[in-house]
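Scroll down for the structure; my scribbles are underneath it.
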Amino acid sequence: MENKRYQQSKILLARASKVLASGVSSEFRKYNHPHALFYDYAKGSMIRDVDGNEYVDFTLSQGPLILGHSNQGVLDAVDAYSRQGQLFAGQHVQEIELAEKMQELIPSAELMRFCLDGSEAVQTALRVARSKTKKNLFLRFEGHYHGWLDNVAYGISVPAEGFGSRENPNRSPWSAGLAQESADEFILIPWNDAALLEETILKHKDQLAAVITEPIMCNNGCILPKDGFLSKMRALCSEHQIALIFDEVITGFRMGLAGAQGYFNITPDLSIFAKAMGSGYPISAIVGLRDWMEELSSGRVIHAGTMNASNPTVAASLATIQELEADKEVYNRLFSLGNTLKEGLQALAKKHQQNLLVQGPGPMINTSFTDLADVTEYREVLQADKAKLNAFISQLHDEGIRVIGRGLWYISAATRMEDVEKALRAADIVLSKL
Ligand SMILES: Cc1ncc(COP(=O)(O)O)c(C=O)c1O
């Protein structure tokens, strides 16, 4: 039956599809409910679509909007600094101020370079690691997302032939058109398995330039590292001259001003910041210890980009960090609201006898339908009931609660207790019908 709630979006999608491939500018935007939607206004924790439906927004644009939509401080800073120019093809003062601020806050940020997004900052880090170690391979983990470019577009979908062994998993390409050789650039293993990590590193230590990990597996299940897993990774990398790269694209400025590296007190050699650092403006950073970043300083590794560190993006990032710093309670709120939401959903799951599993640290949480008591790696993530999750997320959407389709919820500085309460009321209705 046709859903009239989304009629204007449907008309615009038909128009868009004549000029944009499948009507969108990013693959993930296709998978909205019931199809790609169009929006015309967003403020704080609320977003409105062109049909006039308002939602409490827990997608936060896939993470960047740590301050919520249209934060006034960010808008003012972007406006003021853009009036001085947009892009100088040269340096400007706020760029230094932003780097100084990040150096002060982030343990591994002795030096940095700014880029446009997470995907290209990841590639810069891999280049730095290879140059410094004179080795070629990198180790990565099933279910970790490091952007859409070729050499990381594996291990994020289930291979037709099944996962294969834990020691040597099948590597299914996520997309057609990848360079064949890109599958030979990395070693892939499941995450959170310290014994397998050690065994794999020892076996390949002479070829491994880097180990890259999300410090929390946010993209699939919002899974925390097991006790000792990241410290073991740190020790093995140090011992064998391998770069430890933390992909903090999601955790950066979300787990705290010092990122997940501050939260877990583990300092990687290189890390990537994006999303929340820019409140929706295209800016990211590769940051690292001086020893490693010397590859860039010396010019041995080339990193470039016409659009890097433009005035509006730098101003947005600086203002975002200043707002976060000024709000002394912000991280307490992100954790406590997220945990209230998590506990509320868990209580509702019990009430309605649903196998809803909710996990994650609070600033982000994940919902899935599974009989497992705890999900600790990607192979377990994929045992969950996807169809039931789709129904849950779609029905929440119809109730005015917008959540990322794979079950991920983000909290922002603009999320209020009444938003959480509204989400719980909606979940109560939906879970009673599922
Ligand atoms: C952990 C992680 N790394 C890298 C990326 C890629 O970042 P971008 O989409 O900005 O290229 C993402 C995007 O979702 C991500 O979640």
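The values are calculated or read from the model by the stated rules, or taken from the named source; none is laboratory data. Predicted model only: the values in this text are computed from it and were never measured. All Cβ positions, even for glycine, are placed from backbone atoms using ideal geometry, and neighbour counts span all protein chains on display. Heavy atoms of the whole protein, side chains included, go into the accessibility calculation; ligands, DNA and RNA do not. Shrake-Rupley method; radii C 1.70, N 1.55, O 1.52, S 1.80 Å.
A few notes on this one:
- With all pairs of separate Cα atoms included, region 200-318 yields a Kirkwood hydrodynamic radius of 15.5 Å.
- In a DSSP loop and with at most 12 other Cβ atoms within 10 Å, the trypsin sites (Lys or Arg not before Pro) in region 113-198 are K134.
- Most positive-pole-ward Cα, A89, L75, T367, against dipole of the chain from beta carbon charges: T367
- Percent accessible area from carbon and sulfur atoms, the chain, protein chains only, probe 1.4 Å: 51 percent
- Spacing of the modelled spin labels on A160 and S17, each 7 Å from Cα toward Cβ, amounts to 2.6 nm.
- Along the chain, longest interval not containing exposed GluC sites (Glu not before Pro), exposed being DSSP loop plus at most 11 other Cβ atoms within 10 Å: 162-328
- P(r) of region 327-434 over all Cα-Cα pairs, binned every 10 Å from zero, in whole percent: 15, 50, 30, 5, 0
- Loop sites in region 11-82: trypsin sites (Lys or Arg not before Pro), DSSP, at most 16 other Cβ within 10 Å: K18
- The alpha carbons of region 160-246 give a radius of gyration and a Dmax of 13.7, 39 Å, in that order.
- For the chain, a Gaussian network of Cα nodes joined below 10 Å ranks A316, A276, A16 by mean-square fluctuation, and the top entry is A16.
- Other residues lying with their Cβ under 13 Å from the Cβ of F335 contribute a combined charge of +1, Lys and Arg counting +1, Asp and Glu -1.
- Between the listed residues A109, Q383, P169, the Cα displaced farthest toward the positive end of the dipole of the chain, a dipole computed from Cβ unit charges relative to the Cα centre, is found at Q383.
- Low-density loop cleavage sites - trypsin sites (Lys or Arg not before Pro) in region 266-355, where at most 12 other Cβ are within 10 Å (DSSP): R300, K328
- Of S22, S317, S61, the residue with the greatest mean-square motion in the GNM of the chain, using alpha carbon springs below 10 Å, is S22.
- For region 226-237, backbone phi angles converted through the Karplus equation (6.51, -1.76, 1.60; θ = phi - 60°) give residue-by-residue couplings of 5, 3, x, 5, 6, 5, 5, 4, 4, 5, 5, 5 Hz, Gly and Pro being listed as x.
- Sequence-distant contacts, meaning Cα pairs under 8 Å at least 6 residues apart, place the relative contact order of region 72-326 at 31 percent.
- Among N151, N265, N220, the largest mean-square fluctuation in a Gaussian network model of the chain (Cα springs under 10 Å) belongs to N265.
- Under the Debye formula (equal points on every Cα, no solvent term), log10 I(q)/I(0) of region 72-326 at q = 0.08 Å⁻¹: -0.31
- In order through region 289-306: 3J(HN,Hα) via Karplus (6.51 cos²θ - 1.76 cosθ + 1.60), integer Hz, x for Gly, Pro: 5, 3, 3, 7, 5, 4, 4, 7, 4, 6, x, 4, 9, 8, 9, 9, x, 3
- Beta-bridge orientation, region 72-326: approximately 45 percent antiparallel, per DSSP, counting only bridges with both partners inside.
- Region 281-434 - charge dipole about Cα centre, Lys and Arg +1 at Cβ, Asp and Glu -1, debye rounded to 20: 380 debye
- For region 90-233, the alpha-carbon radius of gyration amounts to 1.14 times the rule-of-thumb value 2.2 N^0.38 Å expected for a compact globular protein.
- Gyration tensor (Cα) of the chain, equivalent ellipsoid semi-axes in angstrom: 33, 28, 21
- Its DSSP H runs of at least 4 residues, each contributing -39,500 (n - 2.57), put the calculated 222 nm mean residue ellipticity of the chain at -11500 deg cm²/dmol, to the nearest 500.
- Surrounding net charge for E95, when Lys and Arg each add one and Asp and Glu each subtract one, Cβ distance under 13 Å: 0
- Relative contact order (%) - the chain, alpha-carbon pairs under 8 angstrom, separation at least six: 21 percent
- Rolled with a 1.4 Å probe across the full set of protein chains, the surface gives L424 an accessible area near 30 Å².
- Net +/- balance of residues flanking G63 in space, Cβ distance below 9 Å, scoring K and R +1, D and E -1: +2
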